[in-house]
Structure formats: C-alpha cells, structure tokens
Amino acid sequence: MTLTSAIKASRRSNNKRATRGRGAAAASAASAMWGGRFSGGPSAVMERINPSIGFDRKMYRQDISGSIAHAEMLAAKRIIPPADAKAIVAGLKRIEAEIDRGAFAFKVALEDIHLNIESRLIELVGPAGGRVHTARSRNDQVATDLRLWVRDAIDEIDAALERLQAVLIRRAEEHADTILPGFTHLQPAQPVTFGHHLLAYVEMFGRDRGRFADARRRMNESPLGSAALAGTSFPIDRHMTAKALGFDRPCANSLDGVSDRDFAVEYLAAAAMCAVHLSRLAEEIVLWCSDQFRFIRLSDAFTTGSSIMPQKRNADAAELTRGKTGRIIGALNALLVVLKGLPLTFNKDMQEDKEPVFDATDTLVVCLAAAAGMVADMAVDAGAMRRATAGGFMTATDLADWLVRAGGMPFRQAHHAAGRIVKLAESREIGLDDLTLADMRAVEPRVTADVFKVLKVESAVKTRTSYGGTAPANVRRACKAARRRFLKGRAAKGT
Ligand code: ARG
C-alpha cells in the first residue's frame with residue numbers, strides 16, 4: 001500500500017464509521033477496523049493479518065530518532081532543503097510528545113508505526129514532510145528501529161542483572177558461614193555454605209551479562225540507508241546517520257542490512273539462557289520453602305495463599321518465573337522458525353520478529369525483578385539447613401581424604417574403607433561421628449582418634465579452601481571479588 005492510498009483508506013474507514021454511527025467502536029480507528037465485521041471478504045481479513053501497528057508502536061521513539069538522523073543527514077548532503085529538514089525534525093518531536101502523552105491517534109489502516117508517524121508528519125508540516133522518506137524504505141527503517149529497540153532492552157536487562165547480582169552477593173556475604181547440604185542428583189552430597197551456593201548464581205548471571213554484551217557489540221551496525229534492498233542513487237552519508245544513532249558503523253551490505261535478524265536471534269538466545277538460569281534459581285526457591293526442606297521462608301510480598309487450604313503459602317513468584325521461562329524459550333524458537341528458509345531480502349514474514357522480542361523482554365524484565373525481590377526478602381533458616389546435614393553421611397569424602405592424608409592410602413582404597421565405615425553407621429542408624437574409634441578400627445585399623453576432627457560438617461566446609469571451594473574464608477573473599485568484577489553502578493554499594 002502506498003502512503004497516499006493508505007491515507008485514503010483510513011479516511012474511507014473513518015467515513016464508513018461515521019455514517020454507520022457505530023457508537024463505542026468509533027472511539028478509535030483501530031477498534032473500528034478490528035470490531036465485529038468478520039463476515040467480510042479478503043479486505044477484512046487483510047485488515048487483521050497485515051497491520052503491525054498493534055505492537056510495533058512500542059518502537060515509536062526509535063522510529064523518530066531514526067527519522068531525525070536521516071532528515072538531518074539529507075539536509076547536510078543537500079538532498080533536501082535545510083528548511084524542510086528543520087520542519088520535519090520539529091514535526092517529529094511534536095509527534096513524539098503526542099505519543100508520549102497518549103494523544104496520538106494510531107490508525108490500523110496505516111499498517112505500522114512508520115506509516116502512522118509519516119502520515120501524521122505530513123498532516124503537521126505539509127508536503128515537506130513527504131521528503132523524509134527520500135533515499136530510504138520501510139525495510140531499512142524497521143531494521144534500524146528494531147536494532148535500536150533491542151539495544152535499549154539490553155541496557156535495561158544488564159542493569160536488572162547487575163541489581164540481582166548485588167542482592168545475591170549481599171546475601172552470600174551474610175551467609176558465608178551458613179552450612180547446608182550440597183546436592184548431587186538431589187541427594188545430600190557434601191556440606192557447603194549457603195553463601196557459596198548463592199555465588200554460583202552470581203557467576204551464571206555474570207555470563208548472561210557477557211552474552212548480552214557480545215550480542216550488543218555485534219549488532220551495533222546501522223542498516224539505515226540500505227534503502228529497500230539495493231542502496232540508493234542519492235549521495236547519502238551512512239556513516240553520519242550511523243554515528244548520530246550511536247552505531248559503531250553502517251552495515252557493509254545493503255541486502256544483509258535489510259534482511260539480517262541475527263541480532264534479534266542472538267538477543268533472544270541470551271534471554272533464553274538467562275531465563276533458564278532464573279528458572280533453576282526459582283526451582284531451588286520452591287524446594288527450599290517446601291515443608292520438606294524449610295530452608296527459607298519467602299516474604300508475604302512474594303507468596304500467595306490458597307483459596308481453599310488456609311495453611312498454604314505458595315511460592316507463586318518463583319513458580320511463575322520458572323514457568324515463564326517457557327515463553328522466552330518459545331520466543332527464540334519462534335523467531336528461528338520464522339527466519340528459516342527465507343530468501344533474501346525483506347519478506348513480510350519478518351514482521352513476525354517483533355512480538356517474540358517484545359514479549360520475551362517484558363517477561364525477562366519482570367522475572368529478574370521477582371528474583372531480586374525474593375532473594376532480598378527471604379528469611380534463611382540456618383538451623384534447618386544445619387539439621388539437614390545430619391543424615392546422609394555427608395563427611396564420608398572427608399573420612400576417605402583423611403585416610404589418604406594420615407594413613408597414606410591410595411584414594412581408591414581409602415574410598416572403599418570409608419564406604420565400609422558408612423555401611424556400619426547406616427546399619428546402626430547413627431551418624432559417622434557417632435561411631436566409636438573401636439568401631440572404625442574394626443573396619444580399618446589405620447584409623448586414629450585424630451579422624452574425629454574431620455567428621456563434623458563445620459570442619460568439612462572450613463577445610464575446602466581450594467580455589468573456588470566452599471570454605472567460609474573463600475566465600476568472603478569471593479564476595480569482595482564479585483563486587484569488583486560485576487558491580488559498577490549504585491549496586492556496588494550493596495543496595
Ligand atoms: N511493518 C513492517 C515490519 O514490521 C515494516 C516493513 C514493511 N516493509 C514492506 N516492504 N512492507 O517489518
């Protein structure tokens with residue numbers, strides 16, 4: 001649809017509405033276009049399948065920045081009269097203010113954000129407004145807008161990830177000495193410190209930030225000026241517009257410029273990985289606040305009650321974070337499938353790139369905030385954690401290690417002897433450190449009284465001082481290092 005025919009179509013539909021006097025549906029052009037006339041032929045279907053204004057209006061700021069940069073470049077290169085460029089820029093700023101305050105009438109007949117803004121511009125400044133689209137196309141325009149939008153989203157997510165890391169580091173410092181079972185196969189394995197456990201997530205989220213930063217670096221090239229697909233015969237300056245929009249450089253190939261959506265895929269891949277990390281944390285929170293664990297208690301702010309069972313406190317925020325991960329993974333999958341097999345260059349299929357990107361972003365942002373809130377507020381029951389280390393013979397590895405160190409046994413042999421001692425304790429339904437020296441010597445004569453030093457979980461964690469290990473002293477050092485490595489802004493102050 002050309003711009004003039006779209007404007008005419010919009011007028012036609014407004015007139016139809018007026019003559020039919022369709023009350024509430026007449027409130028906006030959009031609802032009238034979508035409202036209750038589904039009996040119709042292909043044009044009614046087109047009105048439903050074709051427009052993107054319902055979602056791409058989210059990019060209005062980016063669209064306006066792109067148009068301002070383009071108009072100023074056109075004037076600088078004497079492609080359009082400077083006075084017209086001035087009028088265009090002033091008109092665009094006015095439109096931005098209109099949209100900001102909700103006074104802009106979006107029209108479905110105008111398909112998308114680009115045509116809606118351009119049509120309003122012409123309304124505001126007259127035919128000069130029609131010059132803004134010189135030497136560009138909606139194809140390079142939309143590619144530019146979405147890159148700018150994703151770039152802003154990455155910055156917002158990076159800040160949210162930093163806030164989450166700050167909260168995790170603060171709670172880790174607080175619980176550098178708190179002992180709980182470390183699990184493998186969800187079975188008690190070796191005692192660890194809760195601080196150490198929380199810092200594991202700080203590492204994951206640090207890598208997520210790295211992935212977003214990599215994606216941002218690679219995507220920071222400007223498609224603007226690729227025009228429809230082949231470039232343009234006007235003497236434009238793509239370096240100038242790239243610079244004005246904060247891009248590192250223009251995309252090198254115009255065909256690639258309009259058809260590349262790798263940047264959105266990479267962004268969604270980083271978002272999916274981050275969501276998977278969040279869902280692992282969320283799952284642990286669900287487990288930890290279950291009656292079987294009782295390691296933590298979530299604040300009222302992040303739990304809900306049951307409509308029938310009065311005793312319930314459900315960890316809904318954690319469950320939803322876990323569940324919403326499915327949407328974000330789905331968004332990545334959706335975009336990959338949309339792009340698969342598309343011939344160069346622009347195809348309308350690509351209009352389907354935006355909703356997954358927008359939805360994944362909204363979802364990730366709220367999940368990051370929920371995770372930070374839950375971790376900040378949770379009450380940690382150190383006693384319950386410590387009690388949970390009692391069963392499970394979690395210092396069996398320490399017993400084997402002691403046999404290696406004190407008895408000079410090869411580890412494999414020591415492992416075997418420790419296993420037999422565990423079996424003995426198990427048969428008597430007591431802990432390892434409840435066995436007598438004589439009990440143990442009956443199994444392995446090289447055992448001395450010295451062994452009791454290593455059978456307590458406190459000693460097990462305290463001695464694990466190897467680099468990256470769980471010892472409280474390590475955790476305190478690791479918290480300091482993590483602050484240096486990850487926290488730059490306000491978050492560095494531990495807020
Ligand atoms: N609404 C379109 C999109 O979201 C803009 C590009 C349209 N280009 C075109 N040649 N129809 O991708």
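The values are calculated or read from the model by the stated rules, or taken from the named source; none is laboratory data. Keep in mind the model is a prediction, meaning the values are calculated, not measured. Note that we place each Cβ from the backbone using ideal geometry, even for glycine, and neighbour counts take in every protein chain shown.
Below, the figures for the structure above:
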| quantity | calculated |
| --- | --- |
| Some residue of segment 403-410 being within 47 Å of the chain's Cα centre (by Cα) and crowded, with 16+ Cβ neighbours inside 10 Å | yes |
| Matching residues in segment 238-290 - criterion: being more than 26 Å from the chain's Cα centre (by Cα) and in a helix (DSSP H, G or I) | Arg238, His239, Met240, Thr241, Ala242, Lys243, Ala244, Ser254, Leu255, Asp256 |
| Qualifying residue in segment 74-90 (condition: surrounded by 24 or more Cβ atoms within 10 Å (Cβ to Cβ), modelled with pLDDT of 95 or more and more than 14 Å from the ligand (Cβ to nearest atom)) | yes |
| Cβ pairs under 7 Å, 6+ apart, first in segment 168-185 and in contact (Cβ under 8 Å) with a residue 12 or more places away in the chain and among the β-branched types (Val, Ile, Thr), second in a helix (DSSP H, G or I) and surrounded by fewer than 19 Cβ atoms within 10 Å (Cβ to Cβ) | Thr178/Ala382; Ile179/Arg386; Ile179/Glu458 |
| Cβ-Cβ under 9 Å pairs, at least 6 apart or on other chains, segment 53-79 side at positive phi, far side among the β-branched types (Val, Ile, Thr) and outside any loop (DSSP other than H, G, I, E, B) | none |
| Members of segment 91-108 found to be away from the ligand (no atom under 16 Å from the Cβ), farther than 24 Å from Pro235 by Cα and in a helix (DSSP H, G or I), listed by number | Gly91, Lys93, Arg94, Ile95, Glu96, Ala97, Glu98, Ile99, Asp100 |
| Subset of segment 342-385 (residues that are within 16 Å of the ligand (Cβ to nearest atom) and more than 20 Å from the chain's Cα centre (by Cα)) | Leu342, Pro343, Leu344, Thr345, Phe346, Asn347, Lys348, Asp349, Met350, Gln351 |
| Residue among Ala370, Ala331, Ala376, Ala388 that is out of contact with any helix residue (DSSP H, G or I) (no Cβ under 7 Å at 6 or more places or on another chain) and among the hydrophobic types (A, V, I, L, M, F, W, C) | Ala388 |
| Neighbours by Cβ (under 8 Å, 6+ apart or cross-chain): first from segment 398-422, touching a residue at least 60 places away in the same chain (Cβ under 8 Å); second in a helix (DSSP H, G or I) | Asp398/Val454; Asp398/Ser459; Asp398/Ala460 |
| Total residues in segment 209-246, condition more than 30 Å from Leu278 (Cβ to Cβ) and either at pLDDT below 95 or hydrophobic (A, V, I, L, M, F, W, C) (or both) | 11 |
